[in-house]
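As structure tokens, the structure follows; a few thoughts come after it.
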Amino acid sequence: MESTLKHRDDGVLHTAVLTAIKLPFNKSDPDSRWKWGRRDMSIDISPLVASTMALHAFSVGRPVKKRSGKVFYA
């Protein structure tokens, strides 16, 4: 499922988005997971990579801590 993500106008991130390409991890299976690559090696795509990792962390969420069931009163 492909979604659309919008960002505020940030020149560095905008340049990274325009320059980056999606590459498959496994070239023999193009439907497998993918990674970011660069068309131009002189352009820094790390803002895009960092944004992607932050979005993934946000979408996965925090693991829920299991409660012990014990109540302590002070």
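The values are calculated or read from the model by the stated rules, or taken from the named source; none is laboratory data. Small disclaimer: the values here were computed from a predicted structure and weren't measured. For neighbour counting, all protein chains shown are included, and Cβ atoms are generated from backbone atoms with ideal geometry for every residue, glycine included. Note: accessible area is taken over every heavy atom of the protein model, side chains too, but ligands, DNA and RNA are not part of it. Shrake-Rupley method; radii C 1.70, N 1.55, O 1.52, S 1.80 Å.
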For the chain, whose charge dipole is built from +1 on Lys and Arg Cβ atoms and -1 on Asp and Glu Cβ atoms, the candidate among 5, 26, 61 with its Cα farthest towards the positive end is 61
Provide, in order from the shortest bin, the percent of all Cα-Cα pairs of the chain in each 10 Å bin, continuing until the bin that contains the maximum pair distance.
15, 35, 26, 10, 9, 6, 0
How big is the charge dipole of segment 1-63 about its Cα centre, in debye rounded to the nearest 20, if each Lys and Arg gets +1 on its Cβ and each Asp and Glu gets -1 on its Cβ?
140
Over segment 14-74, with every protein chain in place, what whole percent of the accessible area is carbon and sulfur at 1.4 Å, could you tell me?
60
Cα-based helix-to-principal-axis angle, 46-60 vs the chain, degrees rounded to 10:
30
Please report the accessible area of residue 18 (heavy atoms, 1.4 Å probe, ligands and nucleic acids excluded) in Å², nearest 10.
110
Quick one: what are the phi-derived ³J(HN,Hα) couplings along segment 6-22, Karplus 6.51/-1.76/1.60 with θ = phi - 60°, whole Hz, x for glycine and proline?
10, 9, 5, 5, 10, x, 5, 5, 4, 5, 4, 5, 5, 8, 6, 10, 8
What are the trypsin sites (Lys or Arg not before Pro) within the chain that DSSP puts in a loop, where the Cβ has at most 10 other Cβ atoms within 10 Å?
6, 8, 27, 33, 39, 65, 66, 67, 70
Candidate aspartates and glutamates for bridging to residue 22, where Cα separation is under 14 Å - those fewer than 8 sequence places away on the same chain excluded:
2, 31, 40
Report the residue, chosen from 23, 48, 13, that carries the largest GNM mean-square fluctuation when the chain is represented by alpha-carbon nodes joined by springs under 10 Å.
23
